[in-house]
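Trainee: Okay, here's the structure, questions in a sec.
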């Protein structure tokens, strides 16, 4: 136990740096994935060409089946080592859950509500922003929360291609046989995932209350 606390007090700048790198990698991937997947999911809802939907979901699902180490290895010749290939790999992993939840969330909106909106003269953009997006928000946030937890976990592998993060502590600890380094890296990633999930849960609750009136008075 003394060795554990000594390591924290002596190496806390390195621990903070690893935490910052882990946050940068994870949240960059989730934010970029959300920016891509949510609009793409909305586009697919309104797509009249079924085979396009099939192709997009097939490609997004394909990324989920590729082992993370294999995907990182494939990206090294293209982007080298460091944060860029790590963020891109995690971005590709984040697409499917957010895309699927956005698509299902929009389809869950009652057709009668949509017909009423159309009868009141709402444009497609107005229907999306005022009706479908608020009512499908729980689905979308659920996808983002699940994705964030997974991405934070998978980001520990980014250290294998020189991207740093908490995984670097784990790898270094294994290399020099320092259990305290392994523990700090592992427990740090777990706590980070739990905190991120809790904060996103609070955000989801706030947004739900904010749009609660929309749900009750939706046309």
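The values are calculated or read from the model by the stated rules, or taken from the named source; none is laboratory data. These numbers come from a predicted model, not from an experiment. Cβ atoms come from the backbone with ideal geometry, glycine included; neighbour counts cover every protein chain shown.
Trainee: It is to be established whether one or more residues within segment 24-35 are at negative phi, more than 23 Å from the chain's Cα centre (by Cα), in a helix (DSSP H, G or I) and at pLDDT 85 or above.
Mentor: Scanning segment 24-35 turns up no residue that is at negative phi, more than 23 Å from the chain's Cα centre (by Cα), in a helix (DSSP H, G or I) and at pLDDT 85 or above.
Trainee: If you scan segment 138-183, which residues turn out to be at positive phi and surrounded by 16 or more Cβ atoms within 10 Å (Cβ to Cβ)?
Mentor: If the condition is that a residue be at positive phi and surrounded by 16 or more Cβ atoms within 10 Å (Cβ to Cβ), then 164, 165 are the ones that fit.
Trainee: Determine which single condition residue 78 fails, assuming it passes every other condition in (1) part of a helix (DSSP H, G or I); (2) touching a helix residue (DSSP H, G or I) at 6+ places or on another chain (Cβ under 6 Å); (3) closer than 30 Å to residue 160 by Cα; (4) modelled with pLDDT under 90.
Mentor: Unmet for residue 78, out of (1) part of a helix (DSSP H, G or I); (2) touching a helix residue (DSSP H, G or I) at 6+ places or on another chain (Cβ under 6 Å); (3) closer than 30 Å to residue 160 by Cα; (4) modelled with pLDDT under 90: (2).
Trainee: Within 17 Å of residue 24 (Cβ to Cβ), modelled with pLDDT under 90 and in contact with a helix residue (DSSP H, G or I) (Cβ under 9 Å, 6 or more places away or on another chain): which single residue out of 114, 166, 157 fits that description?
Mentor: Of the residues listed, the single one that is within 17 Å of residue 24 (Cβ to Cβ), modelled with pLDDT under 90 and in contact with a helix residue (DSSP H, G or I) (Cβ under 9 Å, 6 or more places away or on another chain) is 157.
Trainee: Is one or more of the residues making up segment 88-106 out of contact with any helix residue (DSSP H, G or I) (no Cβ under 8 Å at 6 or more places or on another chain) and either surrounded by fewer than 17 Cβ atoms within 10 Å (Cβ to Cβ) or free of Cβ contacts under 8 Å to residues at least 12 places away in the same chain (or both)?
Mentor: no
Trainee: May I ask you to verify whether residue 48 is free of Cβ contacts under 8 Å to residues at least 40 places away in the same chain and not in a helix (DSSP H, G or I)?
Mentor: Details: free of Cβ contacts under 8 Å to residues at least 40 places away in the same chain: yes; not in a helix (DSSP H, G or I): yes.
Spelling it out, residue 48 is indeed free of Cβ contacts under 8 Å to residues at least 40 places away in the same chain and not in a helix (DSSP H, G or I).
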